[in-house]
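The values are calculated or read from the model by the stated rules, or taken from the named source; none is laboratory data. From a predicted model like this one, the values you see are computed outputs, not experimental measurements. Cβ atoms come from the backbone with ideal geometry, glycine included; neighbour counts cover every protein chain shown.
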Amino acid sequence: MLRNRGSCLTRYWQPMHELAICQALIAQVEALAEAREASVVTDIHVGIGPLSGVEAELLQDAFPIVAAGTVASTASLHLRRTSVRVHCEECGAETDAKANRLLCGQCEHWRTTLIHGDELLLERVELNASRKSMSRGETANV
């Protein structure tokens, strides 16, 4: 982060943690591709919860920058937004909730436990495997 006081960049530019997240994502994808001897990654599917702290649009913008020069350079990034779901400690119900209002959808009680909605998941990676790995019968879909 820039430290020069008075600089326009200091006041208006914030480091994008989505770039670092995307770098970690590409590292995982490259490891999968190498393990399966894939030459190209065609599609990457990621689930993002509203409480994950990740801005989907910024992750989408960072992807081509980070993927350049990797096996995922021509891959498409597919982002799926997940919902917030809670378990009520009072009535035992499992209901959907709003990200800023984690109340039970059945009894409206506040004593809930988050079931999902804070995740960032690498759900699926689609690969074009090399002929060597395909001849051994390995799957090209992860």
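Observations
- Total residues in region 104-113, condition assigned to a loop (DSSP other than H, G, I, E, B) and touching a residue at least 12 places away in the same chain (Cβ under 8 Å): 6
- Hey, Asn141 modelled with pLDDT under 95 and not assigned by TED's automatic domain parsing to the domain that holds Ala33 or not: no
- Looking only at region 12-23, and only at residues there that are modelled with pLDDT under 90 and surrounded by fewer than 14 Cβ atoms within 10 Å (Cβ to Cβ), the one that is nearest to Leu59 (Cα to Cα): Pro15
- Where a residue in region 58-76 is in contact (Cβ under 8 Å) with a residue 12 or more places away in the chain and its partner, wherever it lies, is exposed (fewer than 12 other Cβ atoms within 10 Å of the Cβ), with Cβ under 6 Å and at least six apart: none
Matching residues to (1) on the phi > 0 side of the Ramachandran plot; (2) surrounded by 14 or more Cβ atoms within 10 Å (Cβ to Cβ); (3) modelled with pLDDT under 90:
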residue: Asn4; (1), (2), (3): no, no, yes
residue: Leu25; (1), (2), (3): no, yes, no
residue: Glu34; (1), (2), (3): no, no, no
residue: Gly69; (1), (2), (3): yes, no, no
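- Any hit, region 74-83, residues being of a type outside the set (Val, Ile, Thr), assigned to a loop (DSSP other than H, G, I, E, B) and either modelled with pLDDT of 90 or more or not assigned by TED's automatic domain parsing to the domain that holds Ala129 (or both): yes
- Condition met for Asp43 (acidic (Asp, Glu), at pLDDT 95 or above and not assigned by TED's automatic domain parsing to the domain that holds Ala97): yes
- Selection count, region 71-91, where residues are more than 14 Å from Val29 (Cβ to Cβ) and surrounded by fewer than 19 Cβ atoms within 10 Å (Cβ to Cβ): 10
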